[in-house]
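Before any comments, here is the structure.
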Amino acid sequence: MTEVERRRTVAASPGAVWTLLADYGGIVAWASNVDHSCLLTDQESGVGAVRRIQSGRTALVETVRSWVPDEELSYEITGLPKVVRSVVSTWRIVPDDAGSIVTLTSAIDAGPRPPQRLIAKIAGRKLAEAADEMLAGLATHLDFDRSPATREETAHQERNNLTRSSGNEEETTP
């Protein structure tokens, strides 16, 4: 078994991160490497929910195995080449002073023999690249998802902090 893990700190609460991840059929809205997604079951959330994603010419089916609001989402991926026995990807969200630390781990099983372990490592590299892209998309979407008023308020506070730290007491306007 090969595991790859990618991690990113995002300026959003675990609840905000979870809201995106929990919209299980809506991954296409923030993951730039997903061209299309749809639910394959009437169940939209929770253990047992199933979605199909299209990335280029590859179609994958992802079935939820673990669903812990604001903490963890895990799903099994099928539709990869038959030399890969199984892949399970797990998103974990941990609160942080800067917002949240989001980790995406993929466990790849291609078998115990050396050639199979090599296949798992190669698949792991591809999944790590995809994870980096998804984490970047998640962070970008969460930043743009904040209301314009919130973004402007943050920018105004940053300008005020810069003005104060430079010793200039002059008030700035947005």
Tally the residues that are part of a strand (DSSP E or B) and over 20 Å from Arg6 (Cα atoms), restricting the search to segment 66-94.
-> 1
Note: among Ala59, Ala107, Ala22, just one is more than 25 Å from Thr140 (Cα to Cα) and at pLDDT 95 or above, namely Ala107
Are any of the residues in segment 108-123 buried (at least 18 other Cβ atoms within 10 Å of the Cβ) and either on the phi > 0 side of the Ramachandran plot or not in a helix (DSSP H, G or I) (or both)?
-> yes
Looking at segment 20-61, which of the residues that are among the small types (Gly, Ala, Ser) and in contact with a Lys or Arg (Cβ under 7 Å, 6 or more places away or on another chain) is surrounded by the most Cβ atoms within 10 Å (Cβ to Cβ)?
-> Ser37
Gly99 passes all but one of the listed conditions (1) on the phi > 0 side of the Ramachandran plot; (2) at pLDDT 95 or above; the exception is number (2)
Checklist (1) more than 30 Å from Pro114 (Cα to Cα); (2) buried (at least 17 other Cβ atoms within 10 Å of the Cβ); (3) in contact (Cβ under 8 Å) with a residue 40 or more places away in the chain applied to Leu80, failing item | (1)
Leading residue by the ranking (farthest from Thr140 (Cα to Cα)) among those in segment 95-104 that are hydrophobic (A, V, I, L, M, F, W, C) and part of a strand (DSSP E or B) = Leu104
What are the pairs, 6+ residues apart or on separate chains, where a residue within segment 137-149 that is modelled with pLDDT under 55 has its Cβ under 7 Å from a residue that is surrounded by fewer than 18 Cβ atoms within 10 Å (Cβ to Cβ) and of a type in the set (A, V, I, L, M, F, W, C)?
-> none
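The values are calculated or read from the model by the stated rules, or taken from the named source; none is laboratory data. The shown structure was predicted, so the numbers you read here are calculated from the model rather than taken from an experiment. Backbone-built Cβ (ideal geometry, glycine too); neighbour counts: all protein chains shown.
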